[in-house]
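A short write-up of the structure that comes next.
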Amino acid sequence: CLMKGLPFKLEMVAPYSAGKKGARNPEYRAMNPSGTVPAIDDNGFHMGESHAIMQYLAEKNKWLDLYPSEIQQRARVNMYLHYHHRNTREASAVLTGPM
């Protein structure tokens, strides 16, 4: 959004917290039932998962330089997004898993 000049409101959310500004707070979970960060509220349309948010915003706003319309170029972007998602989850599990 910042790169593309799309107006947005950033709200800090504490992962794993059920407090007023926490991702486990019932108000936040009404918007994003998984209680994960990040999430967006696009005029009442709610979703979570950073890569899905990026894809949604790119398609909605026709940001073809970020998410191309040509199928093979888009497949390369999707390949990287899936690679990044998988490896970030694995690294997080190592860092936050039981000792």
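The values are calculated or read from the model by the stated rules, or taken from the named source; none is laboratory data. Remember, it's a predicted structure, so these values are computed and weren't measured experimentally. For neighbour counting, all protein chains shown are included, and Cβ atoms are generated from backbone atoms with ideal geometry for every residue, glycine included. Remember, those area values only see protein heavy atoms, side chains included, never the ligands or the DNA or RNA. Shrake-Rupley method; radii C 1.70, N 1.55, O 1.52, S 1.80 Å.
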Quiz item: Out of all the residues in the range 37-60, which are in a strand (DSSP E or B) and either touching a residue at least 24 places away in the same chain (Cβ under 8 Å) or over 12 Å from L6 (Cβ atoms) (or both)?
Solution: A39, D41, F45, H46, M47, G48
Self-check item: Residue list for the range 56-78, filter: within 24 Å of F45 (Cα to Cα), among the aliphatic types (A, V, I, L, M) and either modelled with pLDDT under 75 or open to solvent by 50 Å² or more (accessible area, probe 1.4 Å) (or both)
Solution: L64, L66
Exercise. Test L81 against the criterion of being assigned to a loop (DSSP other than H, G, I, E, B), touching a residue at least 12 places away in the same chain (Cβ under 8 Å) and open to solvent by less than 60 Å² (accessible area, probe 1.4 Å), and give yes or no.
Key: no
Quiz item: Which residues, taken from the range 34-53, are loosely packed, with under 12 Cβ neighbours inside 10 Å and within 21 Å of T88 (Cβ to Cβ)?
Solution: S34
Practice problem: Give the residues of the range 3-34 that are of a type in the set (A, V, I, L, M, F, W, C), out of contact with any Ser or Thr (no Cβ under 9 Å at 6 or more places or on another chain) and closer than 18 Å to E49 by Cα, sorted by residue number. | Solution: F8, L10, M12, V13, A14, A30, M31
Quiz item: Is it true that P7 is open to solvent by 90 Å² or more (accessible area, probe 1.4 Å), within 27 Å of W63 (Cα to Cα) and at pLDDT 90 or above?
Solution: yes
Quiz prompt | Scan of the range 61-78 for residues that are outside any helix (DSSP H, G or I) and under 25 Å from P7 (Cβ atoms), ordered by number | solution = K62, W63, L64, D65, L66, Y67, P68, S69
